[in-house]
Amino acid sequence: MAEQKIAVVTGASSGIGAATARALAAAGYRVIVGARRIERLEALAAETGGEARTLDVGDPASVTAFCAAVPPALHLLVNNAGGALGLEPIAEARDEDWETMYRTNVLGLMRVTRALLPNLLEGRGHIVNITSIAGRDVYSGGAGYTAAKHAARAVTETLRIELNGTPVRVTDLAPGMVETEFSEVRFHGDAERAKGVYEGLTPLTAEDIADCVLWVATRPWHVNIDELVVKPVAQAGPGKVARNAGL
Ligand code: NAP
């Protein structure tokens, strides 16, 4: 019998991370999920037969404790924890929002990756970083988030160069608009404003992105999908969306 593959998914208490954990478990992976909201994770782990562990990617001690519990051979790491805070122009930028975005989307991704690299080398593993189209384009009010996601993309590309010569694969998965808790978090809990983001169009679902993670992870071992950019049909770019067009 083939050994069961092991995956780690960060930020799995909601949205893309939770859907990815479900998709990977359904495909036969043993999934270790991490995030700050442990009750949600425990429910997910019970459902998927996986393992739930508290993880704050912004806290080095939390990353160390989380990664210490990962088995020596890891097959897939999905660096998904992250998100946006605020939509203010740079003239009104809030330091704490920018700091949090950089801490989670960039430093968190680096810390989890650095800690799990030995396990990934041992497991001939694959790193899938959930960046964003915000890592490729910019838009008014988005500088804190786009700067962080541009950095996450740069880290991902650097990693691929540094790991050349090893069997570890590195993928940059860049979604456009996905309806999750993303906008509610961005607008500091303003659900009404968050709903407006998706009005008049069909956004991607978390399951659409989970499907992409599964697809890149299940290519033959010698195939590396470097980048996968996925947007809803109604979206041409971060700031270019067709509303009420029947899409
Ligand atoms: P979401 O529903 O808000 O989920 C975000 C997840 O990240 C949650 O599970 C949250 O868990 C976790 N997280 C946030 N800060 C964390 C921290 N310090 N430590 C550990 N986990 C943390 O949003 P989503 O759309 O699924 O976002 C997932 C990823 O996709 C993010 O990196 C986001 O930037 C990216 N993305 C989203 C979109 C979109 O339109 N939705 C588009 C492109 C890229 P806890 O709060 O429980 O810790």
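Computed on protein heavy atoms with a 1.4 Å probe, the accessible areas place Ile16, Ile161 in the order Ile161, Ile16, largest first. Probe radius 1.4 Å, ligands and nucleic acids ignored: give me the carbon and sulfur share of the accessible area of the range 6-241 as a rounded percent. Reported share for carbon and sulfur atoms: 53 percent. Probing with 1.4 Å while keeping every protein chain in the model, the per residue accessible area of the range 6-241 equals 44 Å². Would you look at the GNM of the chain, springs on alpha carbons closer than 10 Å, and say which of Lys195, Lys231, Lys149 moves the most? So, out of Lys195, Lys231, Lys149, the one fluctuating most is Lys195. Within a straight-line Cα-Cα reach of under 27 Å, Lys195 can be paired with the following lysines, leaving aside sequence neighbours fewer than 8 residues apart in one chain: Lys149, Lys231, Lys240. Accessible surface ranking for Trp221, Trp215, 1.4 angstrom probe, highest first: Trp221, Trp215. Taking every DSSP bridge with both residues inside the chain, close to 5 percent are antiparallel.
Proximity of backbone amide H atoms, modeled 1.01 Å from N, is registered between Val78 and Val8, Val9, Thr10, Val128 at under 5 Å, excluding neighbours fewer than 5 places apart on the same chain. Compared with the alpha-carbon gap, the fully stretched path from Glu99 to Thr202 is longer by 33.9 nm at 0.36 nm per residue.
Contour minus end-to-end for Arg37 and His222, with contour as 0.36 nm per residue of separation and end-to-end as the Cα-Cα distance?
Full extension of this stretch gives 63.0 nm more.
Largest GNM mean-square fluctuation across Arg36, Arg53, Arg114, computed for the chain with C-alpha springs under 10 Å, falls on Arg114.
Between helix 15-26 and the chain there is an angle of about 30 degrees, using the helix long axis and the longest principal axis of the Cα atoms.
Computed over the range 6-241, the range of Cα coordinates on each principal axis works out to 46, 37, 33 Å, biggest value leading. Of the residues Met110, Met101, Met177, the one with the largest accessible area comes first in the ranking Met110, Met177, Met101, computed with a 1.4 Å probe on protein heavy atoms.
The values are calculated or read from the model by the stated rules, or taken from the named source; none is laboratory data. On a predicted model such as this, the values are computed, not experimentally measured, just so you know. Accessible surface is based on the protein model in full, side chains and every heavy atom, while ligands, DNA and RNA are left aside. Shrake-Rupley method; radii C 1.70, N 1.55, O 1.52, S 1.80 Å.
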